[in-house]
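**Q** I am attaching a structure below and will ask some questions about it afterwards.
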Amino acid sequence: MRTAHSSRRKLIQRDLHGTVAYELGSAILRGDYPPATVLPREAELMETFDVSRTVLREALRTLTSKGLVESRPRVGTRVRARDAWNLLDADVLDWYARVAPPLAFALKLQEMREMIEPFAAGLAASAHDADALASLASAHDAMAQARNVDEWVRADLRFHLAVLGACRNELLVPLGTLIERTLEGQLRVNAKRAEVFNAALPDHTAVYEAIARRDAQAASHAMAALLQVTRERIES
């Protein structure tokens, strides 16, 4: 019983420190505490979030590990410069997506995709094996059979992650996992802005067929064309 009680208490503390890290991190990313700002003292933050010193310090350690803050003797906890923020941390990217101006964030994510995905499609055409092609085919088939926006978005996300997986480059797979949450949101917005949710199916089919026949140049061009349609919907 004592062990079970201890485990529950640790779980509650983890949830609390995660909540505090999210709230403070979001406030920093939103600009409530600009770079070089010293955060309120521990006692004030403990009162604000109604948590213990242990929970607060764990939350601050989390933010420190993500590059958002730093602690200095006789100074306190200070917000670091923006170029120190680890925006490629999955949590930080998710928090930033929630508080950044929607259009500005969508365009930044789009720029990132335009730099990576056309080349990845070309690489996937050259490097894919049978299992990777089967995963891509399954995702494409799910897109073709989608009956609503939710089914379409899930299949669309699988498709783009499968393209990265087909590259057989172990450094690209974590990138897909990293942007998965924010990419899903963008895909959902794009589907809702289209005349019909599956309007981009022919563009995805062009990517899939080029990869399947190992035509790297065509796959790269098809992905670039698909992303141009995405950009146009974002900017419309």
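**Q** What residue, of LEU56, LEU88, LEU63, is at negative phi and in contact (Cβ under 8 Å) with a residue 60 or more places away in the chain?
**A** Residue meeting the stated conditions: LEU88.
**Q** Same structure again: So which of VAL75, VAL38 ends up being in contact with a Gly (Cβ under 6 Å, 6 or more places away or on another chain) and loosely packed, with under 15 Cβ neighbours inside 10 Å?
**A** After applying the criteria, what remains is VAL38.
**Q** Hey, another quick one. Hey, which of the helices (runs of 4 or more DSSP H) in region 40-113, taking only ones fully inside, have at least 3 residues that are within 30 Å of GLU184 (Cβ to Cβ) and not assigned by TED's automatic domain parsing to the domain that holds LEU171?
**A** Ranges flagged: 53-65, 90-99.
**Q** Would you say VAL69 is among the hydrophobic types (A, V, I, L, M, F, W, C), more than 22 Å from the chain's Cα centre (by Cα) and modelled with pLDDT of 95 or more?
**A** For VAL69, the condition - among the hydrophobic types (A, V, I, L, M, F, W, C), more than 22 Å from the chain's Cα centre (by Cα) and modelled with pLDDT of 95 or more - is not met.
**Q** Being surrounded by fewer than 18 Cβ atoms within 10 Å (Cβ to Cβ), assigned to a helix (DSSP H, G or I) and touching a residue at least 40 places away in the same chain (Cβ under 8 Å) is the filter here; which residues of region 146-160 pass it?
**A** Scanning region 146-160 gives a single hit, VAL149.
**Q** Right, here's the next one. For the structure I just gave you, tell me whether VAL51 is surrounded by 18 or more Cβ atoms within 10 Å (Cβ to Cβ) and touching a residue at least 24 places away in the same chain (Cβ under 8 Å).
**A** yes
**Q** Does any residue in region 27-42 that is on the phi > 0 side of the Ramachandran plot come within less than 8 Å, Cβ to Cβ, of a residue that is surrounded by 13 or more Cβ atoms within 10 Å (Cβ to Cβ) six or more places away or on a different chain, and which pairs are these?
**A** Going by the 8 Å Cβ cut-off, the qualifying pairs are ALA36/ARG78; ALA36/VAL79.
**Q** Of the residues that sit in region 191-206 and are assigned to a helix (DSSP H, G or I) and touching a residue at least 40 places away in the same chain (Cβ under 8 Å), which one is surrounded by the most Cβ atoms within 10 Å (Cβ to Cβ)?
**A** Checking each candidate, the answer is HIS204.
**Q** Report yes if some residue within region 207-225 is within 18 Å of the chain's Cα centre (by Cα) and surrounded by fewer than 18 Cβ atoms within 10 Å (Cβ to Cβ); otherwise report no. It would help to see each step written out before you state the result.
**A** Of all residues in region 207-225, those within 18 Å of the chain's Cα centre (by Cα) come to none.
The answer is no, given that none of the residues of region 207-225 is within 18 Å of the chain's Cα centre (by Cα) and surrounded by fewer than 18 Cβ atoms within 10 Å (Cβ to Cβ).
The values are calculated or read from the model by the stated rules, or taken from the named source; none is laboratory data. Nothing here was measured: the structure is a model prediction, and the numbers come from that model. Because the Cβ atoms are built from the backbone with ideal geometry, glycine has one as well, and the counts that use them run over all protein chains shown.
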